[in-house]
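Shown next, in structure tokens, is the structure this report addresses.
The values are calculated or read from the model by the stated rules, or taken from the named source; none is laboratory data. Here the structure is a predicted model, which is why all the values come from computation and not from measurement. All Cβ positions, even for glycine, are placed from backbone atoms using ideal geometry, and neighbour counts span all protein chains on display. These accessible areas exclude ligands, DNA and RNA; they are computed on the full protein's heavy atoms, side chains included. Shrake-Rupley method; radii C 1.70, N 1.55, O 1.52, S 1.80 Å.
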Amino acid sequence: MLRVATYNVRGLRDDRGALVRVIRALRPDVLCLQEAPRLPGWRRQRRALARAAGLSVAAGGRVGGTAVLTAPAVRLLRGRGHRLRWFAGLEWRSVALAVVEKDRERYAVCSAHLDLMAGARLSHAAQIVPLLDSAAREFGAAPVLAGDLNETPEAPVWRLLGGRYTDCYAAAGGPAEWGDDGRAGATFPARDPRVRIDAIFAGPGLSIVSCGGADAPPGDLAAASDHRPVVAELVPTPSAGA
């Protein structure tokens with residue numbers, strides 16, 4: 001089983017002690033970050049965060065602020081950053097992509113942070129899918145996409161990704177208590193979550209055991225970042241006849 005988490009950490013501008021406690025509460029094998037540090041000293045800051053959480057930096061560059069961290073039980077096969085198409089006047093976006101192995105099973109895990117502009121979001125999502133699927137095919141791995149989509153379910157990017165992958169939270173029938181007043185699964189803003197804009201998608205060949213939030217104190221969740229994290233437990237689907 002692989003525990004994959006996704007977390008927008010807002011450039012580490014909030015309570016770092018609370019952030020580390022939340023990450024440790026997630027118990028991730030693989031952690032996908034958005035808004036990872038990218039100003040001078042970004043490598044050192046990412047390594048320091050990873051070390052404090054008991055993880056290692058596996059993938060990601062400065063541009064775009066995406067990164068993938070891995071736990072000691074996970075073997076890294078490849079870690080890279082990929083810049084996405086640049087749109088004039090908008091932030092240059094990227095993804096971090098790590099191919100990993102745990103318990104002899106391989107996974108291609110991609111961390112993405114999509115744009116605030118709808119057209120750029122959809123264009124980038126369409127670009128990410130073949131990047132991820134290509135890495136998965138090359139290594140015989142199952143694809144996993146996680147990140148901050150900057151839009152809510154039923155919007156175009158969710159429909160595009162849902163046509164290829166499985167929304168882990170929806171498939172797991174997420175816990176009703178994770179969000180009040182019909183806001184189950186809400187991830188933003190962290191102090192009073194109202195919308196679900198952060199998600200994990202599992203590709204073909206994977207079954208979703210569970211998907212939800214961090215088992216962390218509400219005070220830490222509110223202090224660590226402006227987003228709440230999502231964590232999913234995934235297992236390879238037994239092949240026919242197995």
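Which whole DSSP H helices in the chain pass both tests: a Cα extent of 20 Å or more along the axis and a mean Kyte-Doolittle value no lower than 0.0? Intermediate results must be reported in sequence, preceding the final value.
Values: long enough: 118-139 (32 Å, 0.34).
Passing helices, by number: 118-139.
For the chain, set up a Gaussian network in which alpha carbons nearer than 10 Å are linked by springs, and say which option among P204, P153, P28 fluctuates the most.
Fluctuation is largest for P204.
What are the equivalent ellipsoid semi-axes of the range 1-46, built from the alpha-carbon gyration tensor (square roots of five times its eigenvalues), in whole angstrom, biggest first?
Equivalent ellipsoid semi-axes, largest first: 20, 12, 8 Å.
Report, to the nearest whole %, how much of the accessible area of the range 1-146 belongs to carbon and sulfur atoms, 1.4 Å probe, protein only. Working shown, then result.
Working: 3170 of 6280 Å².
Carbon plus sulfur share of accessible area: 50 percent.
Expressed as a whole percent, how much of the Cα-Cα distance distribution for the chain exceeds 33 Å?
Every Cα pair in the chain considered, those over 33 Å come to 9 percent.
With θ set to phi - 60°, apply the Karplus curve 6.51 cos²θ - 1.76 cosθ + 1.60 along the range 70-85 and write out the HN-Hα couplings as whole Hz, x wherever there is a Gly or Pro.
Working through the residues one at a time gives 9, 8, x, 6, 9, 9, 8, 9, 7, x, 8, x, 10, 6, 9, 4 Hz.
At what distance in nm do the modelled label points of W86 and D192 sit from each other, each positioned 7 Å from its Cα along Cα→Cβ?
Output for this residue pair reads 4.0 nm.
To the nearest 20 Debye, how big is the dipole of the chain about its Cα centre, given +1 on the beta carbon of each Lys and Arg and -1 on that of each Asp and Glu?
Here the size comes out at about 1080 debye.
Strictly under 4.7 angstrom between C-beta atoms: which cysteines of the chain have no such partner?
C32, C110
What order do you get for 2-11, 126-135 when each peptide is scored by the mean count of other beta carbon atoms within 10 Å, highest first?
Per-residue Cβ counts within 10 Å, averaged per peptide and sorted highest first, yield 2-11, 126-135.
Please name which of S111, A48, V99 has its Cα lying farthest along the dipole of the chain towards the positive end, using unit charges on Cβ (Lys, Arg +1; Asp, Glu -1) and the Cα centre as origin.
Positive-end residue among those listed: A48.
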